[in-house]
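First up is the structure itself, then whatever we jot down about it.
The values are calculated or read from the model by the stated rules, or taken from the named source; none is laboratory data. Bear in mind the structure is a predicted one, so any value in this text is a computation, not a measurement. Neighbour counts are summed over all protein chains in view; Cβ atoms, including those assigned to glycine, are modelled from backbone coordinates with ideal geometry.
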């Protein structure tokens, strides 16, 4: 079996050329400091991963607004979905799925707010913890 080796791209390492930056270096310190302040890199990456994961999970709610949100039961329509154009009667399964989509969308918004607030709070705490006290 052949051994796999990493091959440098042509011209890499020669004077006046740059090799591609590793993934960790793509998000520069300046950009991280702009978003999370003085927060340590490991915590900033953890919070970024939480935001990215939450966004991917929240993206599954994309069809929800088009279908509508669960409404109040009416005579002859126990499971209505209300949207901008009117009300549609659906099965119980579709009604419950639409309710779950609405809850996931709300959870996504709340997660964004909480993760950003956690980043700001942790950055502020870390700055005060590492700043020397004046006598």
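Descriptive notes on the structure:
- Failed item in (1) surrounded by 11 or more Cβ atoms within 10 Å (Cβ to Cβ); (2) under 30 Å from residue 33 (Cβ atoms), with residue 56 passing the rest: (1)
- Filter pass, residue 78 being without any contact (Cβ under 8 Å) to a residue 24 or more places away in the chain and touching a strand residue (DSSP E or B) at 6+ places or on another chain (Cβ under 9 Å): yes
- Pairs, first on the phi > 0 side of the Ramachandran plot in region 108-123, second modelled with pLDDT under 85, C-beta under 9 Å, six or more apart: none
- Leading residue by the ranking (modelled with the lowest pLDDT) among those in region 64-101 that are in a loop (DSSP other than H, G, I, E, B) and touching a helix residue (DSSP H, G or I) at 6+ places or on another chain (Cβ under 7 Å): 68
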